[in-house]
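These notes concern the structure reproduced below.
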Amino acid sequence: MGTADVIPGVSGGTMALILGIYQRLLTAIRSFDLFFLKMLKTGQWRRAFYHIDIALLVPLAIGISAALLFFTRVISLPSLMESDPEAIFGFFFGLIVASIVVLVRGLRHFDRPDYACLFIGIVSGCLLVNMVPVSTPNTVWFIMVSGALAICALVLPGISGSFILLILKKYAYILDAIAQFDFSIIVPFAIGAALGLIGFTRILTWLLRHFYQRTLAIIVGVLIGSLWMIWPFQERTYEVIHGKMQVVASDPVWPPELGFTACVAFTLMGLGALLVAVIHRIGRRKQT
């Protein structure tokens, strides 16, 4: 998940879905509630940590932090994406395509409403990844909305939180605030993110509990729609944001020739798909 968060256009939620921990993660986040606070207040630490599934959150946080540090400090994925974007996106394209296949195979007895939900997801995913940045206000209420939308995108598979901030033209604004410790911006953003995370995870958990197949069909549709941006061969439009080049528009193309770069991209695409198949098989064995 930490590696995915470094890649613009790829969300940590997508990786959680691929790795089979998505619903457990939603439940863990949702467990930060009044009961948890009550357990802490009364000194029932063991029960409180069991309630929030600390056995999942601590290793997950360590893994995400380690990946973020490794792929920004040791092996710079952002730099590799500038020099070899086809290889990086090829690997993630293979991961996501294979995960879509696995998820679709798990959906049974598809009826018309399920196909309608899938179509809605595909259209939504395509529209989101093709949105252009718009001018937005810098008021407190909109900073809170930006935080809520960005964090919801991180939880929702197929959409990147950083990409949402780019669309809202708040990416550089928030990064500048963090760099300058401007708490008049950081605090509203954090409050919005916390409220968005608490509310969205509850909504998503409820939908998966009561309308599992149709909710998953929409999620799969969003993943399919996001492939538009993840396809390794793109004509990308860049803007300098916060001193760095950021993708603001992208149109997929077929490689002009099957040279070395294309072969590497397709090879990594196959390796990404193979990795998902192996992970899925291991997961099924453990469940059995």
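The values are calculated or read from the model by the stated rules, or taken from the named source; none is laboratory data. Everything numeric here is computed off the predicted structure, so don't read it as measured data. A quick note on method: Cβ atoms are made from the backbone with ideal geometry, for glycine too, and the neighbour counts reach across all protein chains shown.
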Within the range 33-44, restricting to residues that are more than 26 Å from the chain's Cα centre (by Cα) and surrounded by 11 or more Cβ atoms within 10 Å (Cβ to Cβ), the one that is nearest to residue 16 (Cα to Cα) is 36
Counting only residues in the range 111-138 that are hydrophobic (A, V, I, L, M, F, W, C), surrounded by fewer than 18 Cβ atoms within 10 Å (Cβ to Cβ) and at pLDDT below 80, the one farthest from residue 218 (Cα to Cα) is identified as 134
What do you reckon, is residue 50 among the hydroxyl-bearing types (Ser, Thr, Tyr), surrounded by 18 or more Cβ atoms within 10 Å (Cβ to Cβ) and modelled with pLDDT of 80 or more? no
Hey, among 12, 90, which residue is over 21 Å from residue 155 (Cβ atoms), surrounded by 17 or more Cβ atoms within 10 Å (Cβ to Cβ) and not acidic (Asp, Glu)? 90
Would you check if residue 98 is touching a residue at least 60 places away in the same chain (Cβ under 8 Å) and either of a type in the set (Val, Ile, Thr) or in contact with a helix residue (DSSP H, G or I) (Cβ under 9 Å, 6 or more places away or on another chain) (or both)? yes
Would you check if residue 185 is closer than 23 Å to residue 16 by Cβ, at pLDDT 85 or above and of a type in the set (Val, Ile, Thr)? no
Would the range 84-104 turn up any residue that is over 21 Å from the mean Cα position of the chain (by Cα) and under 30 Å from residue 261 (Cα atoms)? yes
